[in-house]
Amino acid sequence: MTEQQAVDLSGIVKKYDVRGVAGTELTEEIARALGAAFADLLDAAPIIVAHDMRVSSPALAAAVAEGAARRGSTVAEAGLSSTDQLYCASGQHDAAGVMVTASHNPAPDNGLKLTRAGARAISRETGLEDVRRGAEAYLAAGVIPEREGGRRAPLDTLEDYTALLHRLVPLGGRRRLRVVVDAADAMASLTVPAVLGTLEHLDVVPLHFGLDGTFPHHPANPLDPANLVDLRDAVLAAGADLGLAFDGDADRCVVLDEQGRPVDPSAVTALIAGREIARARAAGEERPVVVANLVSSRHVAEVIAAAGGEAVRSPVGHSLIKAIMAERSAVFGGEHSAHYYFRDFFFADSGLLAALHVLAALEESDGPLSALVAEHQPYAASGELNTTVADPSAARERVRAALGARPGVEADDLDGLTLTHWGEDVPAAERWWLSLRSSNTEPLLRLNVEAEEATLMESVRDEVLAIITDADAGDAAGAGAGSSLPAGASGVDVPSWVRAVLRCPDCGGSLQDATAGLRCEACGRVHAVEGGIPVLIAGRAEAPDGA
């Protein structure tokens, strides 16, 4: 690279991590510079570098390690690892960490997740921006000056990670359970056999357990219902007690019940919160704190209070919830995106540790998982609905003016706009709340609505969508929102949070309920729903069954 050539990495250095197309946006040269700049930020403190199974990951990890060692850090190279395995090593060795992964992104992508010693998260505001600028300077100069003391050495972390998870949630073997695990050819292929495969009373049925960064079976994104079809079918075929689906770096876990139906992450948060509060109180903690982001179900806070804990709301974002947990010494934290955080796991998130809690709770019960989680899904929820608008801020203020001024409605601005009409003095049929947040990177508004009754949730949802998609946001968007059928028209067994994350496989457009199917707002194609799981087939033009 020509000396002093201007370099701009702002396109790949995001708010919480680094993410881009490997080989073009994120090259080995860039990874080397980022590793060097990270070592500078840490004043050459020790760094653990690990990577996932993507084709580009080993070379990128080696480049990060080379750059960091060149700037004086002792670099422990942990090789193949899940992200929570890297967090565990960062906490146990009190060293910073770099995880080379693009999580659930498509196969061509890759990225870096950076953490300070003790698995403390880094965001743009707490160091990532400095890393970006430092890397840009090295790239512009075309050279990374060598600092004395740097070296590289291997580090095996799997055994210590497995031991810690078994110690935190020991399964007692009260019931023999059968669980199907879809590793999506990703990092759960390594960690699940080590953690679950050694438990004699647990029958693990493996699905897609090859470490293959091309993702030959389906993308490693368990929040997309299309990627749960194989797991649902396997759960039913095996007569399993539950199914577990992990994302690419295995820090996130989605749970399916014995009928193959996805469990709302808020229900999992409530379930684990109750368990962690009980454990902390038994150890003498008077009022354990649990943190949940503000789009989690209202039921989560109710469970926390009933269990004798204190509920703390957090903005959306993993570095934010981790910081609040550390500040309040919170025993547990949960997000609607199926990330679960644990104080005893260095305030970091672990999909497999969350799965162990679900297995333990099921083992301690006498019924099926569907019965266990039913009590934790008492309200009607819209799921997260994303709408493209011309001016998100103006659209949000229109909602505030229209709904926020109504009697009994409370507003707060912790993360976007939250309006609440709920309380002991409010009749059940009139209780609702909503969250309206802006995307950090796109002209999107993210809407979540929850109510005591489904009809009210649908009414509030449709009213807000109509407001934010009026003339200022574009006629086409408004027409799409107004023409949607009520939630559940595609099948009452499709959870609302599942519908909310769907996208058309042909054009990427938003999907709305249609009779017996889901219709794309952009291209009009209709996709079938089978057994409560949307089947998003590219090119489908007609409604299923002639509907």
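The values are calculated or read from the model by the stated rules, or taken from the named source; none is laboratory data. On a predicted model such as this, the values are computed, not experimentally measured, just so you know. So basically every Cβ, Gly included, is an ideal-geometry build from the backbone, and we count neighbours across all protein chains shown. Surface accessibility is based on the protein's heavy atoms, side chains included, excluding ligands, DNA and RNA. Shrake-Rupley method; radii C 1.70, N 1.55, O 1.52, S 1.80 Å.
What to note about this one:
- Counting only strands (runs of 3 or more DSSP E) that sit completely within segment 174-256, those holding 2 or more residues that are within 16 Å of the chain's Cα centre (by Cα) correspond to 242-246, 253-256.
- Among residues of segment 255-291, those that are open to solvent by 60 Å² or more (accessible area, probe 1.4 Å) and in contact with a strand residue (DSSP E or B) (Cβ under 8 Å, 6 or more places away or on another chain), counted: 1
- Segment 338-379, subset polar (S, T, N, Q), surrounded by fewer than 24 Cβ atoms within 10 Å (Cβ to Cβ) and touching a helix residue (DSSP H, G or I) at 6+ places or on another chain (Cβ under 7 Å), residue nearest to Ala454 (Cα to Cα): Gln377
- Residues being over 24 Å from Asp212 (Cα atoms), among the aliphatic types (A, V, I, L, M) and open to solvent by 60 Å² or more (accessible area, probe 1.4 Å) are represented in segment 1-17 by at least one member.
- For the criterion of being touching a Ser or Thr at 6+ places or on another chain (Cβ under 8 Å), closer than 28 Å to Pro368 by Cα and not small (Gly, Ala, Ser), Leu223 passes.
- A count restricted to segment 420-463 and to residues that are under 18 Å from His299 (Cβ atoms), among the hydrophobic types (A, V, I, L, M, F, W, C) and outside any loop (DSSP other than H, G, I, E, B) stands at 11.
- In segment 306-320, the residues that are touching a residue at least 24 places away in the same chain (Cβ under 8 Å) reach residues that are hydroxyl-bearing (Ser, Thr, Tyr) and assigned to a loop (DSSP other than H, G, I, E, B) with C-beta atoms within less than 7 angstrom, at least six apart or across chains, in these pairs: Gly317/Tyr16; His318/Tyr16; Ser319/Tyr16; Ser319/Ser123.
- Just one of the listed residues (Leu320, Leu271) is part of a helix (DSSP H, G or I) and under 17 Å from the mean Cα position of the chain (by Cα), and it is Leu320.
- Listing of strands (runs of 3 or more DSSP E) fully contained in segment 28-139 that carry 1 or more residues being closer than 20 Å to Leu320 by Cβ, open to solvent by 20 Å² or more (accessible area, probe 1.4 Å) and not β-branched (Val, Ile, Thr): 109-116
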